[in-house]
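We did not get these values from a lab; they are worked out from the coordinates using the rules stated. Predicted model only: the values in this text are computed from it and were never measured. Neighbour counts run over all protein chains shown; Cβ positions are idealised from the backbone, glycine included.
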Amino acid sequence: MTYGEAESNLILTRLINQWAIASDAHDTAAQLRLMAPDGTYRIYQDDALISETSGRENLNRQFTQAAAASDRSFTQNGTRLITVNQNDGTATGILYAQVKVVTTPVEGGPAILTDYSVRYDDHYAFLGENWGILERDEHRIIVDQHPLATGH
């Protein structure tokens with residue numbers, strides 16, 4: 001790994017962490033700043049594509065709807081591997097994460113915890129002065145949903 005590759009890996013790791021923090025804070029504007037203007041976000045469940053969104057306006061709508069649908073969330077990033085191609089200003093990445101989402105049913109009832117074990121397949125591009133997410137494929141590998149336990 002060259003110095004330039006190592007520096008890009010650090011920047012991309014920070015980008016990945018910024019994404020998780022912005023998502024948990026329901027800060028869709030921050031998420032959009034991390035995406036390329038013509039970026040694409042796909043969601044797969046059991047290897048089936050369930051959502052695909054491209055472009056800043058459509059991504060803003062999708063991220064805003066996702067944020068509004070949950071009360072709170074907690075993301076823990078885990079193992080990641082980033083491969084940088086310095087020659088053409090691109091990179092790819094695989095990231096494993098745990099995402100916990102709490103929602104309250106409309107009809108009252110107990111809050112629901114959905115625990116997602118996710119693999120992100122990312123494509124990044126160097127956009128003039130910084131890296132951005134060009135494509136992000138969210139693969140929901142394991143989904144566990146149950147009433148949220150309350151503690152004292």
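Some values worked out for this structure:
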| quantity | calculated |
| --- | --- |
| Gain in span if fully extended, Asp38 to Val102, counting 0.36 nm per residue against the direct Cα distance | 20.0 nm |
| Estimated FRET transfer efficiency (Glu5, Ser117; beta-carbon r; R0 41 Å; 0.05) | 0.90 |
| Computed lengthening from Thr90 to Glu129, 0.36 nm per intervening residue step minus Cα-Cα distance | 12.7 nm |
| Restricting the stretch 14-112 to GluC sites (Glu not before Pro) in coil, as DSSP defines it, with at most 13 other Cβ within 10 Å | Glu107 |
| Spin-label pair Asn58/Asp137, simplified geometry with 7 Å Cα→Cβ offset, distance in nm | 1.7 nm |
| Helical contribution to [θ] at 222 nm, DSSP H n ≥ 4, -39,500 (n - 2.57), averaged over the chain, rounded to 500 | -9000 deg cm²/dmol |
